[in-house]
Every structure is written in structure tokens, then in C-alpha cells.
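Only one structure is covered here, and it is reproduced in the block below.
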Amino acid sequence: AKWVKKNVYIPLKGFKNSEDKKINIFFDEESIPPGEQFQDFYKEAILNSKIFLPVFSEDYFKSNHCTEEIKFAELRKTETKNTDTNFRIYQITFNFDIVPKKHTDINIVHIDDQNTFLKGLKEALYKG
């Protein structure tokens, strides 16, 4: 979570889209009050988002909550395909080998060089 906050959330927090509007970013540590039912919060955030950025790590697929989150996002992607909403998923990962085959059709932003990573991510968001 610390890596995500430092390298994804904070750099994108002030980013603006193609319409020069600041993008809204849901980040669990910042967006969910302590003690709340976080499933309701992340589902609502996914429903109100255009893009979902899961950070796939070895631990991600071991977590029931994370696997439920990606299933919900994939369902939303399927439901909005060929619509004006066109919800997209851009997975972020350090290692392609840990990503299960069923998730390899998702757009991937590989974390190799921090500048290249952020540039690619911002380009994807700018198109959003």
C-alpha cells in the first residue's frame, strides 16, 4: 500500500484529463473511513469510474477481497462494452509471470522504470 500511495496515487492526484479537469482518484486508504464496510465503497467507486487501476502483486490474487474487486471490475467492463461508458481496466504489475492467464487480456502497464511507467499510465488516463 505504501508503494501504491507514493508511486501511483500521489503522482496522479493532481493529473488532469484531456478536458483539463482534475481526475478523481479512489484510493482505499484515503477514501474509506476506518471501520466502514469497504466492499460497498470500492464497488461504488468502480461503478462511478471510467478506469480501474489494480496493482497486481503476488499477494493480490491471494486476497479474497482483491479477487472480488477484480471480478466486480471485470463484470463492469463486460456490461459497459460498446457503450458510451466503456469502462476500462489497466493493470499495474512488477512481474507479468504472476498474472493469471485469465487476466492477461487486460491492458498492462509494466513497472520497470518509474518515468516510463508514469508516462504510460498518464497517457492511458488522458485518453480516458
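The values are calculated or read from the model by the stated rules, or taken from the named source; none is laboratory data. None of the values given here were measured: they were computed from a predicted structure. A quick note on method: Cβ atoms are made from the backbone with ideal geometry, for glycine too, and the neighbour counts reach across all protein chains shown. What goes into the accessible areas is simple: the full protein's heavy atoms, side chains included, and nothing from ligands, DNA or RNA. Shrake-Rupley method; radii C 1.70, N 1.55, O 1.52, S 1.80 Å.
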**Q.** Total residues in the range 10-28, condition more than 16 Å from Glu123 (Cβ to Cβ), part of a helix (DSSP H, G or I) and of a type in the set (A, V, I, L, M, F, W, C)
**A.** 1
(Q) If Asn86 satisfies all but one of (1) under 14 Å from the mean Cα position of the chain (by Cα); (2) touching a residue at least 24 places away in the same chain (Cβ under 8 Å); (3) surrounded by fewer than 17 Cβ atoms within 10 Å (Cβ to Cβ); (4) more than 19 Å from Gly120 (Cα to Cα), what's the number of the condition it fails? (A) (1)
Q.
Go through (1) among the hydroxyl-bearing types (Ser, Thr, Tyr); (2) over 19 Å from Lys119 (Cα atoms); (3) under 13 Å from the mean Cα position of the chain (by Cα) for Ser31 and report which single condition fails.
A. (3)
Q) Within the range 61-80, can one find any residue that is in contact with a strand residue (DSSP E or B) (Cβ under 8 Å, 6 or more places away or on another chain) and either among the acidic types (Asp, Glu) or open to solvent by 50 Å² or more (accessible area, probe 1.4 Å) (or both)? A) yes
Q. Scanning for something in a loop (DSSP other than H, G, I, E, B), open to solvent by 60 Å² or more (accessible area, probe 1.4 Å) and touching a residue at least 40 places away in the same chain (Cβ under 8 Å), does the range 47-55 turn up at least one residue?
A. yes
Q) Pairs under 6 Å by beta carbon, first residue closer than 25 Å to Ser57 by Cα in the range 1-28, partner in a strand (DSSP E or B), six or more apart or different chains? A) Val4/Val55
Q. Has the range 89-108 got any residue that is modelled with pLDDT of 75 or more, more than 15 Å from Phe56 (Cα to Cα) and not basic (Lys, Arg)?
A. no
